[in-house]
Amino acid sequence: MARSMPSEYSEHLQLMIAGYVLGDLDADEAMEFEQLLANDPVIAAEVTQMQSALETAYTPVEVQPPPHLRSAIMAAQATGMNAQRRPSTTVAKPVSRFPWNQTLGAAAAMVIVALGINNYQLRQALQATQAEMPSETLTYVLQTETVEDASAMVVVNPDTLEATLTVKNLPPLPAGKVYVLWTVLEQGAPFTVDAKSAILTEVLNVDAQGNVSQTITVPRVYRSEELVSKVAITVEDATAPQRHEGAPVMITSL
């Protein structure tokens, strides 16, 4: 019956055995360990057990060759062993090494996968953040040279197509007339426009002082700021404001 290792040496010997099987001992340590190995069957049994465990964990599954090829391989192997046969020794050195290449390759693959997951998560987080960030509002200030103290401003949210319209001090109009807000587009813009390249945006209902402050919905062209050429206010016939017959009384500057 094989005797067990003394407990006071077990930890040290286990480290020596592991280093020997993995090939990590220096020359002096290897020589010292081989002397122990040759004189102690318990240590030899530990080496064999650890080698067997490593081979089981890392050696690929063997694929059996066809019968005729197997016979040829076995015959060639027997011939080579007979030609190179040497006297056997009491304790054989380990011939297998820990497959560091396989281990490092697996570790590298795991790192690549982890980096890929992290990059994907970062892209998802960036897209979510960008989606949550509102676009910059567009501000259009209208001016006039004919109406003293009059002012108008349109502030557009291009995401929601909602705009805040503020008009002050427009002169009162005669019955049957209304103020109309227009969006004038650049030539060739892919939207339906009238003969003056404009879209009727809102008919204004100003109070007695010529003021109005309201939220309106603007055309989709405001999502492409470069297609908006001007924003203007005209006076039109209340029964047919879409005819766009009046000249601008207020308009954005160049």
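The values are calculated or read from the model by the stated rules, or taken from the named source; none is laboratory data. It should be emphasised that the depicted structure is a prediction, and the values quoted were computed from it without experimental measurement. Neighbour counts run over all protein chains shown; Cβ positions are idealised from the backbone, glycine included. The protein model used for the area step is the full one, side chains on, heavy atoms only, and it has no ligands, DNA or RNA in it. Shrake-Rupley method; radii C 1.70, N 1.55, O 1.52, S 1.80 Å.
Note down all Cβ pairs under 9 Å where the first residue falls in region 193-219 and is within 19 Å of residue 158 (Cα to Cα), the second is part of a loop (DSSP other than H, G, I, E, B) and open to solvent by 50 Å² or more (accessible area, probe 1.4 Å), and they're at least six residues apart or on different chains.
199/191; 199/192; 199/193; 214/205; 217/160; 219/191
For region 185-196: of the residues being more than 21 Å from residue 144 (Cα to Cα) and in contact with a Ser or Thr (Cβ under 7 Å, 6 or more places away or on another chain), which is surrounded by the most Cβ atoms within 10 Å (Cβ to Cβ)?
Once the filter is applied, the top-ranked residue is 186.
Just a yes or no: is a residue in region 189-197 within 40 Å of the chain's Cα centre (by Cα), at pLDDT 95 or above and closer than 28 Å to residue 136 by Cβ?
no
Of the conditions (1) modelled with pLDDT under 95; (2) within 19 Å of residue 241 (Cα to Cα), residue 200 satisfies every one except a single condition; which number is it?
Only one criterion in (1) modelled with pLDDT under 95; (2) within 19 Å of residue 241 (Cα to Cα) is unmet by residue 200, namely (1).
Of all residues in region 210-249, how many are assigned to a loop (DSSP other than H, G, I, E, B), in contact with a strand residue (DSSP E or B) (Cβ under 8 Å, 6 or more places away or on another chain) and open to solvent by 90 Å² or more (accessible area, probe 1.4 Å)?
Residues meeting the conditions: 1.
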